[in-house]
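These notes are about the structure you will find just below.
The values are calculated or read from the model by the stated rules, or taken from the named source; none is laboratory data. What you see is a predicted model, and the numbers here were worked out from it, not measured in a lab. Every residue, glycine among them, receives a Cβ derived from its backbone with ideal geometry; neighbour counts consider all protein chains shown.
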Amino acid sequence: MAKIAILYETLGRSKGGIEAWIFSASEELFYQGHQVTLFYVNNSELSDATPVNVSLVKLKPHVRFKTFDFYSQIWSLYFQLKDVLSTFDMVWARSFTMAWAGSTILGKGKVVYVNAAPYAYYGQITFTEKIRKSMSVRDYLRAISSDLSLRIAYQLEKSAIQRCKNVFLSKARKVETLEYFNLDENNLSCSVVPAGVNINRFFPSEEKEYKDSYLKIITVCRLAPDKNVQCVLRAMKELICLNIPSTLTIVGAGDFEFYLKQLATDLRIDNCVSFVGRQENVESWYRKNDVFVLPSLYEGFGSVYIEAMASGLPCIAISNKSGKFSVASDEIIINGVNGFLMFDNDIMELKSILMKIYFNRLLLKQMSYKAREIAEKSFNWKKSINKLLDISMK
């Protein structure tokens, strides 16, 4: 039995992909007989933060110094963790700040850094764009401060990657990250270990009828522009105009929610679109629907795809083969087998795929079985955790 620490700023299975990963990974570790402690900083609620029998340690938030915020953050973590981490057999970090602090305390190669998207890259506005939008001296100063903060984050994360054993959830993410930081894989410890799915929690509905006249579509995500739910809404409009009865359930919350609700109203499809917010029992929502759609433009891995697959739903996503999108969907979805891959961010292409599914319920049924089969064989937590344990012990 190993004593394992997992480090990340926030917890909560329903909050997002990283938090869901922490919950499921710690659950599987406990099942295997390991002792797990989760270290965290910020949480408004902990109702679904951790499985039973997994310990929690809350760290104090750091004092913010605006431009140099990341320096204050990493040193705050360092001093709070420096007398604690050496008592663990393994330390896994899910953020670059935690990875930096942990690897500085324990030394090179002693921390497993399970990489998400590079912080300084993901969703950031360029410095030139910030300056262009500045309307006052204060705006200019904020733009300069923000850019300097991102440069600091870039250097800190690069340093963390060079000192840690790096695990990427997809091949696409590994390539993107190494190119972004201009790092040579031959000089680093790098592995690809996809996330798993709890097949006992996510499973198909035994009562599902594939003769239903409605096509029931679901998407589960953080509501943000890059998740591209707006494409799904516009494709729904096309289906409704063709008198194809369909419903769309949107599970999740985020700053983009108001825009999406307004778009549904403007498209006059709000009567067949349901925004249900963040749900802790998301598995029950998958089982109520026929097909999962998330044409995300940027996705580190996409655990929601394998959750949907385990629930018996074929998945529709955008492929990364065109080189225009940064997603890992090609590593999860086999086009025409357990779902469909869109070549481009094309509303009409998505509409055509949904029509194909609607008019061929036998295909939907076959894909549903195949989705579950692939989830069971290729994406299970036992396999993923065993790989992580092997990496940690090397």
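Restricting attention to region 151-191 and to residues that are in a loop (DSSP other than H, G, I, E, B), touching a helix residue (DSSP H, G or I) at 6+ places or on another chain (Cβ under 6 Å) and hydrophobic (A, V, I, L, M, F, W, C), the residue that is farthest from ALA20 (Cα to Cα) turns out to be PHE181. Taken over region 215-239, the residue count meeting the criterion of being part of a helix (DSSP H, G or I) and surrounded by 21 or more Cβ atoms within 10 Å (Cβ to Cβ) is 8. Each residue in region 234-273 was checked for being among the hydroxyl-bearing types (Ser, Thr, Tyr) and under 22 Å from the mean Cα position of the chain (by Cα), and 2 of them qualify. Of all the listed residues (PRO194, PRO204), the sole one being in a loop (DSSP other than H, G, I, E, B), touching a residue at least 60 places away in the same chain (Cβ under 8 Å) and more than 16 Å from the chain's Cα centre (by Cα) is PRO204. Out of THR247, THR265, one residue alone is of a type in the set (Ser, Thr, Tyr), out of contact with any strand residue (DSSP E or B) (no Cβ under 7 Å at 6 or more places or on another chain) and either in a helix (DSSP H, G or I) or in contact (Cβ under 8 Å) with a residue 24 or more places away in the chain (or both). It is THR265.
Residues of region 350-370 that are of a type in the set (Lys, Arg) and surrounded by 18 or more Cβ atoms within 10 Å (Cβ to Cβ): LYS351, LYS370.
Quick grid of which residues meet (1) in contact with a strand residue (DSSP E or B) (Cβ under 9 Å, 6 or more places away or on another chain); (2) at positive phi:
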residue	(1), (2)
PHE256	no, no
ASN281	no, no
TYR305	yes, no
GLY336	no, yes
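For region 45-72, a tally of residues being modelled with pLDDT under 75 and of a type in the set (Gly, Ala, Ser) returns 1.
Looking at region 289-391, the helices (runs of 4 or more DSSP H) lying wholly inside it that each contain 2 or more residues that are in contact with a Pro (Cβ under 6 Å, 6 or more places away or on another chain) sit at 361-378. For region 164-182, the set of residues classified as under 17 Å from the mean Cα position of the chain (by Cα) and in contact (Cβ under 8 Å) with a residue 60 or more places away in the chain consists of VAL167, LEU169, SER170, LYS171, ALA172, ARG173, GLU176, THR177, listed by residue number.
The set of residues in region 1-44 being β-branched (Val, Ile, Thr), buried (at least 22 other Cβ atoms within 10 Å of the Cβ) and in contact with a helix residue (DSSP H, G or I) (Cβ under 8 Å, 6 or more places away or on another chain) consists of ILE4, ILE6, VAL36. If you take the residues of region 293-319 that are more than 16 Å from the chain's Cα centre (by Cα) and polar (S, T, N, Q), which of them is nearest to MET355 (Cα to Cα)? The qualifying residue nearest to MET355 (Cα to Cα) is SER319.
Can PHE340 be described as crowded, with 19+ Cβ neighbours inside 10 Å, at pLDDT 95 or above and outside the structural domain of LYS15 (by TED's automatic domain parsing)? Against the criterion (crowded, with 19+ Cβ neighbours inside 10 Å, at pLDDT 95 or above and outside the structural domain of LYS15 (by TED's automatic domain parsing)), PHE340 qualifies.
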